[in-house]
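One structure is given here, and the rest of the page talks about it.
The values are calculated or read from the model by the stated rules, or taken from the named source; none is laboratory data. No experiment lies behind these values; they were computed from the predicted model shown. For neighbour counting, all protein chains shown are included, and Cβ atoms are generated from backbone atoms with ideal geometry for every residue, glycine included. Please note that ligands, DNA and RNA were not included when accessible areas were found on the heavy atoms of the full protein model with its side chains. Shrake-Rupley method; radii C 1.70, N 1.55, O 1.52, S 1.80 Å.
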Amino acid sequence: MPSLGDKFLGFFLVLGFATVGLCSSDKSSDVDRKLSARLNPDCPEDICTPDGNALTLIHIRADSDLDTIHYVWDLTGKPTILVALTRKNASLKINWNDFMDAKPSSVQFSETPIYTFMTVINRIFQFDDPEDKGMLGNNASSVFVYDPHEFSYNRTLLWFNEKDVIAALNANNDFLFKLNAFSTRDHGMDFPHLLHTSNSTQVDIVFNNVSSKFERPRFAIELLFVVSEQAVTGTDFQITKRRSLDDEHTPGIFEIIDVLSPGAFKFSTGGFVEYRPVSYTHPERDVSTSTETHQSEPKAIEFASDALNATLAYAIYGQKLDTLVVQGMNISFGFSGDGFYTKTNYTTLTFQVGYGMPPPEQLSAFVLIVAGIGIGLPLAMLVFGGFYICTRKMRNRRGTRV
């Protein structure tokens, strides 16, 4: 019969092997999709100078064995993120002269995509917040509007291989855009450490030292969504809020906001935008430099082809935009008592755009190990204590026999 010490040794060996297994399974090295990227594909030199950084349209292919997801990061005007699911052999074609003239059908795929979803950064607002609520109001006199189509973009970074693609751009020395595409499931390197898969791309925006227009300034951003779904009654984007089980990756923030297209909400096969309701007010992002975000309900955009007439969405769909689901929402930053934008002159927004459903968060190996130890040690002490008491009572009974 094994001794008590042998039992405890076995218990801790099992716990140790479980720990190793959890650690090895926490970070998957499997490549779900193979990435390839092109900057300004097939753009003639009279439009795209070889050494120029002003014009940026990046096409990324994320190939799997079954299909391809195309990401297009267009920062030639209003920043637009396209996610298009196609068969493997589909290719992207751009008529650059027509595209620069904002003509419809100037950007096309060689075959009709299975699904497309676009997110357009349509406007940026600086607004006065005398009530210190952090929410964009309806008083137009206290709102200054930035049109991203008028920005001067300067590309400062473009790096890619088969697993990752990273780009960074500076707009008017006020707004910084960082974009990432991924080949595997993992958390982002920077706060808020969003969980991504190979079916999503991430956008990080920094409002950096922007000149204040008001005494109590805050910022908000307007996002427009375009999906290849016909606009009929009841086809609305839905905002859902999820609670994560722990805040290991984003300390203090347990909530995740999902903005789901009608197809994603009803059938889990559509487009989504995902973010955590947190903004950071310092380059060193942590709990002490965080503030809140607030979002409006998605609303349909009337005369969508006019609203998007100088964007990638119009270059692909043209007047057909008026028949598709096109909706928009605002996200504003700040909460009462955080000192407004002028306290640090720094604000961020990080979100993901993807196909399918947002990936569910899971407890990490570290959390499971801590929980296992927290439960296992008291349980072991309880078993040991019970065994010791029973053994002592049995000895006492033997000693009192006549």
D (Stokes-Einstein, µm²/s), Kirkwood Cα radius, region 181-305, 1.002 mPa s at 20 °C: 128 µm²/s
Förster radius 25 Å - calculated FRET efficiency between residue 67 and residue 240, Cβ distance, rounded to 0.05: 0.45
Solution diffusion estimate, µm²/s, Stokes-Einstein, region 114-162, Kirkwood Rh from C-alpha pairs, 10 °C, viscosity 1.306 mPa s: 108 µm²/s
Among beta bridges that DSSP assigns inside region 50-205, antiparallel share in %, nearest 5: 100 percent
Kirkwood Rh and Cα Rg combined as Rg/Rh, region 53-101: 1.02
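Just to confirm, what accessible area per residue do you get for region 232-328 at 1.4 Å probe, in whole Å²?
Computed with neighbouring chains in place, this is 46 Å² per residue.
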Mean separation of Cα contacts under 8 Å (6+ apart) over length of region 106-226, as relative contact order %: 32 percent
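Sorted by accessible area with a 1.4 angstrom probe, largest first, how do 340, 144, 125, 267 fall?
The ranking, largest first, comes out as 267, 144, 340, 125.
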HN-Hα J in Hz across region 51-65 - Karplus 6.51, -1.76, 1.60, θ = phi - 60°, x for Gly and Pro: 9, x, 10, 7, 9, 9, 9, 10, 9, 10, 9, 10, 8, 10, 6
Residue 183 long-range amide H proximity, modeled H, under 5 Å: none
Under the Karplus curve 6.51 cos²θ - 1.76 cosθ + 1.60, θ = phi - 60°, whole-Hz ³J(HN,Hα) for region 235-242, x wherever Gly or Pro sits: 8, 10, 5, 10, 9, 10, 10, 10
Carbon/sulfur fraction of accessible area - region 63-179, other protein chains in place, 1.4 Å, %: 46 percent
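Let a ≥ b ≥ c be the square roots of the eigenvalues of the Cα gyration tensor of region 146-193; is it rounded (a/c under 1.5), or, if not, prolate (a/b larger than b/c) or oblate?
Since a/c reaches 1.5 and a/b is larger than b/c, the shape of region 146-193 is classed as prolate.
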Pair residue 335, residue 255: separation of 7 Å Cα→Cβ label points (nm): 0.8 nm
Percentage relative contact order, region 162-204, counting C-alpha pairs under 8 Å, at least six apart: 34 percent
Cα shape, region 115-262, gyration tensor, a/c 1.5 rule: rounded
Carbon + sulfur, % of accessible area of region 277-363 - ligands and nucleic acids excluded, 1.4 Å: 50 percent
Residue-level accessible surface for residue 33, protein heavy atoms, 1.4 Å, Å²: 20 Å²
Three-way shape call for region 35-179 based on the alpha-carbon gyration tensor, with the a/c threshold at 1.5: prolate
Options 223, 235, 209, ranked by Cα towards positive dipole end of region 200-246, top entry (Cβ charges): 209
From phi via Karplus (6.51, -1.76, 1.60), per-residue ³J(HN,Hα) for region 134-143 in Hz, x at Gly/Pro: x, 10, 5, x, 9, 7, 5, 5, 10, 10
